[in-house]
Every structure is written in structure tokens, then in C-alpha cells.
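Report on the following structure.
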Amino acid sequence: MTTKIVIIDDHQLFREGVKRILDFEKSFNVVAEGDDGGDAVALVEQYHPDVIIMDINMPHINGVEATRQLIEKFPESKVIILSIHDDENYVSHALKTGASGYLLKEMDADALVEAVKVVADGGSYLHPKVTHNLVNEYRRLALEESGQGMAFMQKVEIRRPLHLLTRRECEVLQLLADGKSNRGIGEAIFISEKTVKNHVSNILQKMNVNDRTQAVVVAIKNGWVEVR
């Protein structure tokens, strides 16, 4: 099946670059483009895309506000926010507004393609660097709530889920929590990106989660990975 995509970004050169990457995927079809958040509702109403790729910083209506308007009128809209900001406050605000994905503009082509596929299938996708920042913030807040600090954090016993995952999959899960991309994981443990993708797919299936972000959150809650 073809995934219909709308791109909204006020920088034409960047927008064209994103479109060029997506055009390489035979199952993707960029059906429309806009240069301001104000175009979003009209384009979605006209083209009924499966995924909307939205810049966060635009001159009139920004990506977060445009996403809010979209979700209000079309609740099933699947939006991926593009941003230069990796601060967890930006990410949390975008996700609370209804975005299904958050990518940094420093992403590589593989991350963009993977994000579109995951979001189109009903999952959520965060840039690995963003995932790492959110995980650190999650752990910090959890420790504050429990009234414990770094001393506790250093004493936490990491219980690898060997009842569920292989040793190699445990390694990959830890590297996901470290915020590494598939390429970064492959370089760290000397395996190909294709093998990494297979491991990640197996991890998601065994953990019964939809995406890598959920896998990391579940792993943190169960003490299966270190936050470092």
C-alpha cells in the first residue's frame, strides 16, 4: 500500500531535500507541500494523507499549534514534528499536542524513512537523541518523587531480562536507551545495520511494544538498562 505524505516546512531547500529522500521509497507518495502551519488543515482536508511531516518553527502558525488544530479537526492525523530542538520541554509539548513523532533536523535519511513507516503503522517515533534526553528526565523525576538521589541511582541493580531477550538483544536494548541510532548501535557492537534492525524488531515483538521508545521506557521501569 502507498503511504501518502504531506510536508509542511517554510524552508524550501530543506523541504525539497526531505521530499527527495522520501521519493526513493516506492511505497511513499508525497502528495502535497506547504510552507506554513496555516496550510496544514486545508491540505489534510484536500489530500487525506497518512502522515504529515511538520516543521516546528514557522513564521505565522508554528508546527505545534498547527498540530493542535489538525488533531482537533482530524483526530486520526499522524504528525511527525521536525525540529532543531532536543530539549525535553519541546518534545513533551509536541507529544501532548498530539504529534506521533519527533525528529531532529540532523537526522539521517534512514531515520526519516523509518519514522514515516512506524508512524504510518500507528506507532510513535522519537529521534534517538531525544529518546535519551527523555529517559534521563524520566529517571530524574522518578528519583525526585521517591526522595532519592544519585547515590541511589548508582546502587540500582540492573537486572537484564535474560528470561525474555538474548544477551545480544540485551546489548541492543541498552544501546537504544543510550540514544544510539541503528548505525551507532552497529558500530558499537560491530554488526551491520540490517542485523541491528532485525534485533530491534525481535525486541519489540518479545516486549510486546510498538516502537523503540516504548521499549526503552519499559526497560527503565523494570531496571533492565542503565541510564548513563
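The values are calculated or read from the model by the stated rules, or taken from the named source; none is laboratory data. A quick note: this is a predicted structure, and the numbers were derived from the prediction, not measured. As a convention, Cβ positions derive from the backbone with ideal geometry for all residues, glycine included, and neighbour counts pool all protein chains shown. Areas reflect the complete protein model, heavy atoms only, side chains present, ligands, DNA and RNA absent. Shrake-Rupley method; radii C 1.70, N 1.55, O 1.52, S 1.80 Å.
Some observations on this one:
- Projecting the Cα atoms of Met107, Leu173, Pro161 onto the charge dipole of the chain, computed from C-beta unit charges around the Cα centre, puts Pro161 farthest toward the positive end.
- About its Cα centre, the dipole of segment 3-129 is roughly 260 debye, where the only charges are +1 on Lys and Arg Cβ and -1 on Asp and Glu Cβ.
- Taking the C-alpha atoms of segment 3-129, convex hull volume expressed per residue in Å³: 88
- Packing here is the average count of other Cβ atoms within 10 Å per residue, and on that basis the peptides 163-176, 115-128, highest first, run 115-128, 163-176.
- Residue list for segment 103-124, given a label point 7 angstrom along the Cα-to-Cβ vector of Lys197 and an amide N cut-off under 19 Å: 107-124
- The label point for Asp108 and the one for Ala188, both projected 7 Å from the Cα toward the Cβ, are 1.4 nm apart.
- Rounded to the nearest 20 debye, dipole of segment 56-118 from Cβ charges on Lys, Arg, Asp, Glu: 320
- Of Lys73/Lys96; Lys4/Lys78; Lys78/Lys105; Lys96/Lys129; Lys26/Lys206, pairs whose Cα-Cα distance is over 23 Å: Lys26/Lys206
- Taken along its three principal axes, the alpha carbon spread of the chain comes to 54, 40, 28 Å, from the longest extent down to the shortest.
- Averaged over residues, the count of other Cβ atoms within 10 Å places the peptides 4-11, 32-39 in the sequence 4-11, 32-39, highest first.
- The residue list Asn182, Met54, Val79 was ranked by how far each Cα lies along the charge dipole of the chain toward its positive end, using unit charges on Cβ atoms, and Asn182 comes out on top.
- Only Cα sites of segment 167-222 enter the Debye sum here, all with the same form factor; the resulting log10 I(q)/I(0) across q = 0.15, 0.31 1/Å is -0.34, -1.41, listed in q order.
- Residues within the reach of a label modelled at Lys117 (point 7 angstrom out along Cα to beta-carbon, backbone nitrogen below 17 Å), restricted to segment 1-38, are 1-5, 21-30.
- Relative protection proxy for 44-55, 80-91, from highest mean packing down: 44-55, 80-91 (other beta-carbon atoms within 10 angstrom).
- In segment 3-129, the portion of solvent-accessible area held by carbon and sulfur atoms comes to 48 percent [1.4 Å probe, whole percent, DNA, RNA and ligands not counted].
- Charge dipole (debye, nearest 20) of the chain; +1 at Cβ of Lys and Arg, -1 at Cβ of Asp and Glu: 1120
- If the segment from Glu226 to Leu13 were pulled out straight at 0.36 nm per residue, it would be longer than the present Cα-Cα gap by 72.7 nm.
- Using the Cβ-Cβ distance between Ile84 and Val217 with R0 = 25 Å, the FRET efficiency computed as 1/(1 + (r/R0)^6) comes to roughly 0.55.
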